[in-house]
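The values are calculated or read from the model by the stated rules, or taken from the named source; none is laboratory data. Keep in mind the model is a prediction, meaning the values are calculated, not measured. Here Cβ is always computed from backbone atoms with ideal geometry, including for glycine, and neighbour counts include all displayed protein chains. Please note that ligands, DNA and RNA were not included when accessible areas were found on the heavy atoms of the full protein model with its side chains. Shrake-Rupley method; radii C 1.70, N 1.55, O 1.52, S 1.80 Å.
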Amino acid sequence: MRRAVCPGSFDPIHNGHLEVIARAANLFDEVIVAVSTNYAKKYRFGLEERIEMARRTLSAISGIIVEPMGDGLLAEYCRQRGASAIVKGLRSSGDFDYELPMAIMNRQLTGVETVFLPAEAHYVHLSSTLVKEVHDLGGDVSEFVPRSVMARLAERSAGDAGR
Ligand code: ADP
C-alpha cells in the first residue's frame with residue numbers, strides 16, 4: 001500500500017488544492033489530506049470547519065482520508081501514518097525555493113520523500129489568501145472554489161477568525 005500525505009491549512013480549500021490532491025490520488029493507493037494548525041497563524045475558518053469543507057469536496061474521490069495533522073513535525077506525522085511521500089503543488093519558483101529545504105530536511109529526518117506536482121495552469125495563481133481577499137472585496141471567486149466553500153465564504157466575514 002503506497003500512502004501519501006497532502007499537508008496544508010486549507011483555509012479554505014480551493015480548486016488548486018483539489019486538482020493536486022486528485023492527481024496525488026491517481027499516483028498513490030491512499031492519500032491523507034492532513035489539515036494543519038499553526039498557532040502563530042490566524043485562520044478564517046476553525047479546524048473542524050476546514051476539515052469539513054475538505055471532506056465534503058473530496059468525498060467523490062476514492063482513497064482519500066481527511067484528518068487533522070496536529071501541530072508536530074510533518075516528517076514524524078508521515079512516519080506514524082506509514083506514508084512514504086509528501087505531495088506538494090508547485091505554483092512558482094518561489095514555492096520551490098520555500099519547499100526545497102523542507103523537503104530535504106524531511107527526508108533527512110525520517111526518509112520521507114517529497115513529490116512536487118506542477119500546478120494546473122488555470123489555478124497557478126490561486127492561494128487561499130487571494131481567494132479570501134478577492135471575495136471580501138466583492139469579487140466573484142466561484143470559478144476557483146467548490147460551491148460549498150462559496151457558501152461558507154458568504155457566511156463568514158473578514159473579521160471572523162477560527163482555530
Ligand atoms: P498555502 O501554502 O498557500 O498557505 P495551504 O497550506 O492551504 O496554502 O496549501 C497547501 C498546499 O497546497 C501547498 O503547500 C501547495 O503544495 C498546495 N497548493 C496551494 N495552492 C495551490 C495551487 N493553486 N495549485 C497547486 N497546489 C497548490
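Among the listed residues Ala121, Ala103, which satisfies the condition of being open to solvent by less than 30 Å² (accessible area, probe 1.4 Å) and within 13 Å of the ligand (Cβ to nearest atom)? Write out each step before concluding.
Numbers: Ala121 fails: open to solvent by less than 30 Å² (accessible area, probe 1.4 Å).
Exactly one residue qualifies, and that residue is Ala103.
Any residue in the stretch 30-58 that's without any contact (Cβ under 8 Å) to a residue 12 or more places away in the chain: show its pairings with residues that are outside any helix (DSSP H, G or I) at Cβ separation under 7 Å, as long as the two are six or more apart or on different chains.
So the pair list comes out as Arg55/Val66.
Somewhere in the stretch 36-48, is a residue in contact with a strand residue (DSSP E or B) (Cβ under 7 Å, 6 or more places away or on another chain) and aliphatic (A, V, I, L, M)?
Within the stretch 36-48 (the criterion being in contact with a strand residue (DSSP E or B) (Cβ under 7 Å, 6 or more places away or on another chain) and aliphatic (A, V, I, L, M)), the answer is yes, since at least one residue qualifies.
If I filter the stretch 123-130 for residues that are under 16 Å from Leu27 (Cβ atoms) and part of a loop (DSSP other than H, G, I, E, B), do I get at least one hit?
Let us first name the residues in the stretch 123-130 that are under 16 Å from Leu27 (Cβ atoms), namely none.
Checked the stretch 123-130: no residue is under 16 Å from Leu27 (Cβ atoms) and part of a loop (DSSP other than H, G, I, E, B).
Which of the residues belonging to the stretch 1-38 are in a strand (DSSP E or B) and open to solvent by 10 Å² or more (accessible area, probe 1.4 Å)? Spell out the reasoning first.
Going through the stretch 1-38, the residues in a strand (DSSP E or B) turn out to be 3-8, 30-36.
Result: Arg3, Pro7, Gly8, Glu30, Ser36.
What residue, among those in the stretch 67-92 that are part of a loop (DSSP other than H, G, I, E, B) and more than 23 Å from Ser127 (Cβ to Cβ), is most open to solvent (accessible area, probe 1.4 Å)?
Filtering the stretch 67-92 down to residues part of a loop (DSSP other than H, G, I, E, B) leaves 71-73, 81-84, 91-92.
Going one step further and asking which of them are more than 23 Å from Ser127 (Cβ to Cβ), we end up with 72-73, 81-84.
Numbers: Gly72: 52, Leu73: 106, Arg81: 69, Gly82: 48, Ala83: 12, Ser84: 46 Å².
Only one residue fits best here, namely Leu73.
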